[in-house]
1. So which residues in the stretch 294-316 are part of a strand (DSSP E or B), aliphatic (A, V, I, L, M) and in contact with a helix residue (DSSP H, G or I) (Cβ under 9 Å, 6 or more places away or on another chain)?
2. Among the residues that make up the stretch 206-216, is at least one of them more than 27 Å from G352 (Cβ to Cβ), of a type in the set (A, V, I, L, M, F, W, C) and either free of Cβ contacts under 8 Å to residues at least 12 places away in the same chain or touching a Phe, Trp or Tyr at 6+ places or on another chain (Cβ under 9 Å) (or both)?
3. Are there any helices (runs of 4 or more DSSP H) wholly within the stretch 1-59 with 1 or more residues that are surrounded by 14 or more Cβ atoms within 10 Å (Cβ to Cβ), in contact (Cβ under 8 Å) with a residue 12 or more places away in the chain and small (G, A, S), and if so which?
4. Count, please, the residues in the stretch 106-132 that happen to be modelled with pLDDT of 90 or more and in a helix (DSSP H, G or I).
5. Of everything in the stretch 333-362 that's in a loop (DSSP other than H, G, I, E, B) and surrounded by fewer than 14 Cβ atoms within 10 Å (Cβ to Cβ), which residue is modelled with the lowest pLDDT?
6. Only one of P254, P246, P291 is touching a helix residue (DSSP H, G or I) at 6+ places or on another chain (Cβ under 7 Å), at pLDDT 95 or above and under 30 Å from K346 (Cβ atoms); which?
7. Taking the residues in the stretch 99-127 that are among the acidic types (D, E) and touching a residue at least 12 places away in the same chain (Cβ under 8 Å) as candidates, determine which candidate is nearest to D177 (Cα to Cα).
8. Report, by residue number, each residue of the stretch 363-372 that is assigned to a helix (DSSP H, G or I) and out of contact with any strand residue (DSSP E or B) (no Cβ under 6 Å at 6 or more places or on another chain).
Amino acid sequence: MPKVTPFQSLRPVPNLAPRIAALPYDVYNRREALSEVQREPLSFLKIDRAETQFPDDVATYDPRVYEKAKELLDGMIADGSFIMEETPCYYIYELVMDGRSQTGIAACSSVDDYQNQIIKKHENTREEKELDRISHVDATNAHTGPIFLVYRSVQKINEIVSLVKTETPLYDFTSSDNITHRIWRISEKDLLVQLETLFEQIPCTYIADGHHRCASAVKVGLNRRTLYPDYTGEEEFNRFLSVLFPDDQLYIMPYNRVVRDLNGLSKETFLDAVKNAGFDVEYKGQAQVSPGKKGTFGMYLNDGWYLLTASDALFSTDPVKGLDVSILQDHLLETILNIKDPRTDKRIDFVGGIRGLDELERRVSSDMAAAFSMFATSIEELLSVADAGLLMPPKSTWFEPKLRSGLFIHKL
């Protein structure tokens, strides 16, 4: 039974929310983050990626970067850019992309639920990425980016959300990437109690996006329990910031792959190997291939696009091995191209579906030898993997639209 609770949020004053709200810190490289902060000086990205305030010779993970993040956040609180909510609240957060809406509930989730696998994960995390966010949370004494959680849809929760959405929102703006963001506050005691009780009646929640942020928030909480052995469980460090969405509203885009070389094979030898591995190969010329069903893949080489169709023998009833990302990895990337560990092999890179197929062509024309367009992993596949206690291959899902950082801040 998940513990999903209201919290006393630090949030932007309404007129500054459109300028402060920022995409998650990890969708940018350092150059892109600097460009965005220069474009919008109030962007919360300057706090989430405070290395943008230093010359390039200051390392991204330098201790001064985290000190600067605290300084910047404290400064925006002091100058009135942020206000502290007077009482604990839930928030309804609607995002609209290309006319399609998804609505979640901003709340705090429990460190203990993560530890006890009531909050289920589907990806491994990397220690260096965890350490970055641990340092950031410790320095700012705050959770600044919400964890994207999902739960199996509950009609009574949906009804409360729909009721609240008939009221005037706190925030209503469209960001520079044409995503509309609307936020409502729930402060009425009876609704707070109803929602908390309804969440306690579901078996579990799942991490959709933000595994590193979640693991980092949990480790900060556990570290503080060590520092304060008389803790009661009610301290804010026992909870972390999240936005929870019903599973039937989410949209997953594919996470495409590009590879640096063909493992010493000529194009002809490589294509023969792909056919021998169990894929039907159909040349499509310059017509881009966006796979339309499970078990199909687009492949782009320097002479054009190919449609790959996996034979029945390559499918599996195992929830992980049956994923399209696993079929490609196990039967082509590893066996033919010798890319054994996609987490660490420098010969492979990943391209979020939001960047489109043109980006795959661009990469092959610049620094890569081949690109693969994927059919998107489904939300049901994600939940099945997590329910089985298994883990997906890296970069299996790309969720859109992305939650904004800086709209809710949970102070520890």
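1. Pass one, the stretch 294-316, residues part of a strand (DSSP E or B): 296-301, 304-310.
If we keep only those that are aliphatic (A, V, I, L, M) as well, we get 299, 301, 307-308, 310.
Passing the criteria: M299, L301, L308, A310.
2. Let us first name the residues in the stretch 206-216 that are more than 27 Å from G352 (Cβ to Cβ), namely none.
No, there is no match, as no residue in the stretch 206-216 is more than 27 Å from G352 (Cβ to Cβ), of a type in the set (A, V, I, L, M, F, W, C) and either free of Cβ contacts under 8 Å to residues at least 12 places away in the same chain or touching a Phe, Trp or Tyr at 6+ places or on another chain (Cβ under 9 Å) (or both).
3. Hits in the stretch 1-59: 17-20, 30-39.
4. Residues meeting the conditions: 7.
5. At the first step, the residues of the stretch 333-362 found to be in a loop (DSSP other than H, G, I, E, B) are 334-347.
This time we only want the ones that are surrounded by fewer than 14 Cβ atoms within 10 Å (Cβ to Cβ), so: 338, 340-341, 343-344, 346.
On the way: N338: 97, K340: 94, D341: 91, R343: 82, T344: 86, K346: 93.
Once the filter is applied, the top-ranked residue is R343.
6. Working: P246 fails: under 30 Å from K346 (Cβ atoms); P291 fails: touching a helix residue (DSSP H, G or I) at 6+ places or on another chain (Cβ under 7 Å).
One residue alone meets the criteria, P254.
7. Let us first name the residues in the stretch 99-127 that are among the acidic types (D, E), namely 112-113, 123, 127.
With touching a residue at least 12 places away in the same chain (Cβ under 8 Å) added as a condition, the list becomes 112-113, 123.
On the way: D112: 36, D113: 34, E123: 28 Å.
My answer is E123.
8. Start the filter on the stretch 363-372 by keeping residues that are assigned to a helix (DSSP H, G or I), which leaves 363-366.
Answer for the stretch 363-372, where residues must be assigned to a helix (DSSP H, G or I) and out of contact with any strand residue (DSSP E or B) (no Cβ under 6 Å at 6 or more places or on another chain): S365, S366.
The values are calculated or read from the model by the stated rules, or taken from the named source; none is laboratory data. Owing to the predicted nature of the structure, the values given are computational and were not obtained by experimental measurement. Counting neighbours? That spans all protein chains shown, and the Cβs are built from the backbone with ideal geometry, glycine included.
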